[in-house]
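The values are calculated or read from the model by the stated rules, or taken from the named source; none is laboratory data. The structure displayed is predicted, hence computed values, not measured ones. Because the Cβ atoms are built from the backbone with ideal geometry, glycine has one as well, and the counts that use them run over all protein chains shown. Side chains included, ligands, DNA and RNA excluded: accessible areas come from the protein's heavy atoms. Shrake-Rupley method; radii C 1.70, N 1.55, O 1.52, S 1.80 Å.
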Amino acid sequence: MRGWAVAVVRGAAGALTVAALGHTVWNGLTEPGIALAFGTLITIGELARRDSGDAARQQPAPLGSAGALAYALLGQNAGAPTHHGVLQIVAVVVAAALLGIVPHIARGRGPALDHLARRVLTVTFAAVCFQPLYNSGRLEQWVGQGPYLVFFLVVVLGLTALCDAVLGAALAGARTGWPFAPLLRDELRAQLGIGSAICATGVVMALGVAVAGLWAVPVFSVPLLLTQMSFHRITAIRTTYRQTITSLARATEIAGYTRPGHSRRVAALSCAVGRELGLSERELRVLEYAALMHDIGQLSLVDPVPAGATAELPEAEARRIAGLGGEVARQTGVPAEVAVVVELQAAPYRDQPVAARIVRAVNAYDDLVGGARHPGGSLEALERLRLGTGRDYQPEVVECLARVLARGGRARVVPVPPG
């Protein structure tokens, strides 16, 4: 089913691209000056993108996206009606985007094919909602050229944002195997951030060109370009912050208190369980940080716990180590929620926040799977967790963990991108 969804999205985008390019080559460009202006804007937006592995977000090229939406919603140029159709819009957007990503591909950092397919289908949706109605004259008859037209454009942009979110969630679900509903919710929340700036710039640019001509394109592009630069700076800061926490978490491994890779495995698997439970991106970041730091309290021990397996300790000792870890976490300057999760990870699950319940179950699973005294592997570890669901582990968390593992979770889990 997941492969079928990806094939449909890519196939639809590919068919539209071929039809649009063929139509435009055969009939030529209508109003080439307008096409060149918006094509140049989209190309510049693609050149300014900064995709980088897990840090790539839902809208890596906001300036290009805004330019594409503005072209799709353009009805006039300095008071004169435009006549470019849906297929020409798709052709210009695809050609400009491809031209802009060539340098990125040369550096081995080009965007994924799914990003391009998503862009094509989203722009097509916006153009289909606006251009036929405008070119036929029906839109002017219904809403005129005043505030009702602006309201109509806002509605179209809202529907376009919803379409983009659905496509993004479907593609992410096919790629990761995570549930669709939480992914859709995260996509919609992302639309409220940089997505709202893209939509606002797109509609303002289209209305500005309708009144003032193509001079409005660079004028309205500057604010979004500055927003894009700030967005990249924030992403870089969060990436550095996550790397710092990851390095701090490795202190227990370097000192010999925990097994190599334990904190990273717990963090990755905890994030997968959190997504299965429907946590938001912010909650997932808190969960990831807490999972990375969950064993930091062991650095205060004189005698290391064998293999760092705190799941095998008496409750009082486990809670003492967790409390020490919470104090250490507070000293590092992490968000207060992270320290609370670290501190409460050994408490009965009814006294824990959701993130602490996840960390406790996943940490115990990794300890049991890696422990020499439990050679039964994953199935035996899950059975041990299920036996403890009366007090220690929340049943829903254990079952979510089992579903993630059944999908090959340990091999496929991706940490939360620092957005």
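Under the condition of being open to solvent by less than 30 Å² (accessible area, probe 1.4 Å), more than 30 Å from Cys271 (Cβ to Cβ) and in a helix (DSSP H, G or I), the residues counted in the range 182-213 number 8.
Mind telling me which of the residues Val328, Val341, Val359, Val354 ends up being open to solvent by 10 Å² or more (accessible area, probe 1.4 Å), within 21 Å of Arg275 (Cβ to Cβ) and of a type in the set (A, V, I, L, M)?
Numbers: Val328 fails: within 21 Å of Arg275 (Cβ to Cβ); Val341 fails: open to solvent by 10 Å² or more (accessible area, probe 1.4 Å); Val359 fails: open to solvent by 10 Å² or more (accessible area, probe 1.4 Å).
One residue alone meets the criteria, Val354.
Is there a residue in the range 219-235 that is small (Gly, Ala, Ser) and either touching a Pro at 6+ places or on another chain (Cβ under 6 Å) or at pLDDT 85 or above (or both)? So far as the range 219-235 goes, yes, one or more of its residues are small (Gly, Ala, Ser) and either touching a Pro at 6+ places or on another chain (Cβ under 6 Å) or at pLDDT 85 or above (or both).
Looking at the range 300-313, is at least one residue modelled with pLDDT of 90 or more and open to solvent by less than 20 Å² (accessible area, probe 1.4 Å)? Looking through the range 300-313, none of the residues is modelled with pLDDT of 90 or more and open to solvent by less than 20 Å² (accessible area, probe 1.4 Å).
Does Val354 qualify as being in contact with a helix residue (DSSP H, G or I) (Cβ under 6 Å, 6 or more places away or on another chain) and within 25 Å of Arg285 (Cβ to Cβ)?
Values: in contact with a helix residue (DSSP H, G or I) (Cβ under 6 Å, 6 or more places away or on another chain): no; within 25 Å of Arg285 (Cβ to Cβ): yes.
For Val354, the condition - in contact with a helix residue (DSSP H, G or I) (Cβ under 6 Å, 6 or more places away or on another chain) and within 25 Å of Arg285 (Cβ to Cβ) - is not met.
Which members of the range 9-24 meet the condition of being open to solvent by 70 Å² or more (accessible area, probe 1.4 Å) and free of Cβ contacts under 8 Å to residues at least 60 places away in the same chain? Hit for the range 9-24 is Val18, nothing else. Filtering the range 391-419 to residues that are at pLDDT below 85 and not in a helix (DSSP H, G or I) leaves Arg407, Gly408, Val413, Val414, Pro415, Val416, Pro417, Pro418, Gly419. Pairing residues of the range 365-392 that are closer than 14 Å to Arg259 by Cα with residues that are at pLDDT 80 or above and part of a loop (DSSP other than H, G, I, E, B), at Cβ distances under 7 Å and at least 6 apart in sequence or on separate chains, gives Gly370/Arg259. Step by step: first the residues of the range 240-273, then only those that are more than 27 Å from Leu401 (Cα to Cα) and touching a residue at least 24 places away in the same chain (Cβ under 8 Å), then the one that is most open to solvent (accessible area, probe 1.4 Å). Which residue is that? Restricting to residues being more than 27 Å from Leu401 (Cα to Cα) and touching a residue at least 24 places away in the same chain (Cβ under 8 Å), the top hit is Tyr241. Among residues of the range 154-169 that are free of Cβ contacts under 8 Å to residues at least 24 places away in the same chain, those with a beta-carbon under 8 Å from a residue that is open to solvent by 30 Å² or more (accessible area, probe 1.4 Å) and among the aliphatic types (A, V, I, L, M) at least six positions away or on a different chain give the pairs Val166/Leu184; Ala169/Leu184.
Against the condition open to solvent by 70 Å² or more (accessible area, probe 1.4 Å), acidic (Asp, Glu) and assigned to a helix (DSSP H, G or I), how does Glu283 come out, does it pass? Yes, satisfied. Of Ala291, Ala272, Ala311, Ala318, all but one fail to be part of a helix (DSSP H, G or I) and over 14 Å from Ala364 (Cβ atoms); the exception is Ala272. Of all residues in the range 93-137, none satisfies the criterion of being in contact with a Gly (Cβ under 6 Å, 6 or more places away or on another chain), among the hydrophobic types (A, V, I, L, M, F, W, C) and open to solvent by 20 Å² or more (accessible area, probe 1.4 Å).
Just name the residue that is farthest from Phe151 (Cα to Cα) out of those in the range 174-215 that are under 17 Å from the mean Cα position of the chain (by Cα) and of a type in the set (Gly, Ala, Ser).
Result: Gly177.
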